[in-house]
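The values are calculated or read from the model by the stated rules, or taken from the named source; none is laboratory data. Source: prediction; values computed, not measured. Don't worry about glycine lacking a Cβ; one is built from the backbone with ideal geometry, like all the others, and counts go over all protein chains shown.
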Amino acid sequence: MWDTLFINAEIATMRLGDVPYGLVPDGAVGIKDGEIAYVGPVRELGGDIGDVAREVHDVGGDLITPGLIDCHTHLVWAGERSGEFEARLLGKSYEEISAAGGGIKATVAATRGASEEELFDAAMTRLQDFIAEGVTTIEIKSGYGLDIATEMKILRVARALEDEDNIRVRTTFLGAHALPPEFDSTDAYIDFICNEMLPAIHTEGLADAVDGFCETIGFSTEQIERVFKTAVSLGLPVKLHAEQLSNQGGARLAAKYGALSADHLEYLAPEDAAAMAKAGTVAVLLPGAYYYLREDQPPPVAALRSTGVNMAVATDCNPGTSPMTSPLLATNMACTLFGLTAEEALAGVTRNAAAALGLDDCGTIEPGKRADLAIWDARRPAELVAPIGQNPLLARVFGGVICP
Ligand code: NIG
Ligand code: FE
């Protein structure tokens, strides 16, 4: 006997196949021990539905999707950077602000000065926005500490957020985000990451993956490669902020190391998409940062699509380039700004977001997967993607438990 059964649902399973959104009309989802035990038409259940599950919920034709997954956030930070927003409106570029000591460095200073409790409270407030939109898994990066103590503080806060609420958190160490003020050489800082910071963080079990910022204002491909080699030697998967503001060959490097994802990609050379496809590296598209920095070169979606690179969509929630806590808005922007289809956008916050985190137990509604679901006041999947600033979530199911 199943624990829970939802009936009369429009189910967007998001599994791969011939049917758009993996749709099951007039569907049912059965849950047992926190996992999906059945998904299919109600009529195929047969017999008396009351005999099949202890608890039956008739959702009256509402839409059920996998719980949403945000695979790229920098959720834990202190301070705010609206002054930089104003400066950019007056003509300063993101790079100029960074060179003048603002940007990531400004958030590093504020985050170093904040207590673990302050960071936790601020991040928890932001996290509630994600939970309210049906998010069941979220990735959180460090990278606003840039010293061992603060990077650990951020990652501990990220882990504590998981303990506190019905949400799954995947942590990513982003030490190679910017040059901290104690160092005047990027090479020396990369040595410190490889020899001390990353091994210490790994020993504490604080990172599920390792990321870097490959950019003129970040680190070179040679420097990122050293970080990747260290990560691989510790058995940690890698990902990369690549080709956001210029083409540095970061996506090629990511593919060479079998990275889970390469993220941003506005300046990706279309011919590098093939290397990503071959390596199974997911393209994580971040329309919030593109929009907020008023960039004008969208990522080469046609090349990603034609070479078969899986595309994910994420908020990139951070204080400087994407102060956004709405994955639903990110799906809308991925369509309007980057030209994704609504189905691609929804796959971007479900199936492909799971792949970008190396998770194979969530992201679609299929027997054996975690029962992480979102139930919506909607009849068609595109109703989630089309509106701006509306949230039709009715309920979230986390590991089979219906959350308030
Ligand atoms: O993903 N590109 C680097 N990191 C962030 C921005 C961080 C910041 O400006 O604080 C991003 O866009
Ligand atoms: Fe980012």
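Some points to look at:
- Within the range 323-404, strands (runs of 3 or more DSSP E) holding 1 or more residues that are modelled with pLDDT of 95 or more and touching a Cys at 6+ places or on another chain (Cβ under 7 Å): 393-398
- Restricting attention to the range 170-204, the residues being touching a strand residue (DSSP E or B) at 6+ places or on another chain (Cβ under 9 Å), of a type in the set (Val, Ile, Thr) and either more than 16 Å from ligand 2 (Cβ to nearest atom) or more than 21 Å from residue 363 (Cα to Cα) (or both) number 4.
- Scan of the range 1-40 for residues that are outside any strand (DSSP E or B) and aliphatic (A, V, I, L, M), ordered by number: 1, 14, 16, 19
- Residue count for the range 140-153 under the criterion of being under 18 Å from residue 319 (Cβ atoms) and more than 17 Å from the chain's Cα centre (by Cα): the result is 6.
- Flag for residue 339 being under 11 Å from residue 285 (Cβ atoms) and out of contact with any Leu (no Cβ under 7 Å at 6 or more places or on another chain): yes
- Of all residues in the range 44-64, none are under 30 Å from residue 295 (Cβ atoms), among the hydrophobic types (A, V, I, L, M, F, W, C), surrounded by 21 or more Cβ atoms within 10 Å (Cβ to Cβ) and within 26 Å of the chain's Cα centre (by Cα).
- From the list 95, 84, the one residue that fits, being under 26 Å from the mean Cα position of the chain (by Cα), within 13 Å of ligand 1 (Cβ to nearest atom) and modelled with pLDDT under 95, is 95.
One line per residue, one yes/no per condition, for (1) under 23 Å from residue 354 (Cβ atoms); (2) at pLDDT 95 or above; (3) away from ligand 2 (no atom under 16 Å from the Cβ):
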{"site": "25", "(1), (2), (3)": "no, yes, yes"}
{"site": "49", "(1), (2), (3)": "no, no, yes"}
{"site": "56", "(1), (2), (3)": "no, yes, yes"}
{"site": "65", "(1), (2), (3)": "yes, yes, yes"}
{"site": "71", "(1), (2), (3)": "yes, yes, no"}
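- Out of 149, 132, sole residue that is surrounded by fewer than 17 Cβ atoms within 10 Å (Cβ to Cβ), touching a residue at least 40 places away in the same chain (Cβ under 8 Å) and aliphatic (A, V, I, L, M): 132
- Among the residues of the range 224-245, none qualifies, meaning not one is within 16 Å of ligand 1 (Cβ to nearest atom) and either among the aromatic types (Phe, Trp, Tyr) or surrounded by fewer than 19 Cβ atoms within 10 Å (Cβ to Cβ) (or both).
- Matching entry among 397, 349, 309, 401 (being buried (at least 23 other Cβ atoms within 10 Å of the Cβ) and farther than 25 Å from residue 281 by Cα): 397
- For the residues 230, 216, the requirement of being β-branched (Val, Ile, Thr), farther than 30 Å from residue 397 by Cα and in a loop (DSSP other than H, G, I, E, B) singles out 216.
- Residue satisfying condition, being closer than 30 Å to residue 213 by Cα, outside any loop (DSSP other than H, G, I, E, B) and more than 16 Å from ligand 2 (Cβ to nearest atom), within set 88, 43: 88
- Scan of the range 284-338 for residues that are within 14 Å of ligand 2 (Cβ to nearest atom) and among the hydrophobic types (A, V, I, L, M, F, W, C), ordered by number: 284, 285, 286, 289, 293, 312, 313, 314, 317, 324, 330
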